[in-house]
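**Student:** Below you will find the structure I want to go over with you.
The values are calculated or read from the model by the stated rules, or taken from the named source; none is laboratory data. Keep in mind that this is a model prediction, so the values were computed, not measured. Note that we place each Cβ from the backbone using ideal geometry, even for glycine, and neighbour counts take in every protein chain shown. Accessible surface areas use protein heavy atoms only, side chains included; no ligands, DNA or RNA. Shrake-Rupley method; radii C 1.70, N 1.55, O 1.52, S 1.80 Å.
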Amino acid sequence: MTTVAEQRFPRSMRLKRRRLIAPLFERSTTDTKSLVAGSIRILYRFVPRSATGADAPVQVGFAPGRCRNAVQRNRTRRQMRETWRRNQNLIGFEALPAAQTLTLMVLRRSSDRNQRLSQDLLQAMHLLHQSLNKRD
């Protein structure tokens, strides 16, 4: 059973700096990795912890993709954040390098009304965990 402290999603874990987000989308960088599960794409890379400005092992950003209106976009982003918050222990923060921060963007690729959003994000998190374990 997980404790409340393990399920928090503090502001220090939110990816907000443009200089950390932009390299995730640059095609010329070779250190950015990508994985896909259903309607979810995760782009991730490791950066020095001193470059993030926060002492967090992971910084995550969420992009809901195209939505009809702001209500749907905000609802999708909230659902993605909540799924991440509840299942973030699957990543295994203790296995991540201490001097680096994992920065990642979670992107929704289709607009199929959030029917499988949580399941796809959970599957993508499992794939991310497997990918990070292969890295060691």
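**Student:** Which percent of Cα-Cα pairs in the chain sits in each 10 Å bin, short to long?
**Tutor:** 12, 44, 37, 8, 0
**Student:** Additional query: With the other protein chains left in place, how much accessible area per residue, in square angstrom, belongs to the chain at a 1.4 angstrom probe?
**Tutor:** For the chain, the per-residue accessible area is 60 Å².
**Student:** Taking the chain as a Gaussian network, where each spring joins two C-alpha atoms under 10 Å apart, which residue of V36, V60, V71 fluctuates the most?
**Tutor:** Top of the fluctuation ranking is V71.
**Student:** Using unit Cβ charges (K, R positive; D, E negative) and no other charged atoms, how large, in debye to the nearest 20, is the dipole of the chain about its Cα centre?
**Tutor:** 760 debye
**Student:** Here is a further query. May I ask you to derive the FRET efficiency for N133 and A99 from their Cβ-Cβ distance with R0 = 25 Å, giving the value to the nearest 0.05?
**Tutor:** It comes out at approximately 0.85.
**Student:** Also: Can you tell me the FRET efficiency between F9 and V71 if r is taken as the Cβ-Cβ distance and R0 is 22 Å, rounded to the nearest 0.05?
**Tutor:** 0.50
**Student:** Which percent, to the nearest 5, of DSSP beta bridges fully inside the chain are antiparallel?
**Tutor:** For the chain, the DSSP antiparallel bridge percentage is about 65.
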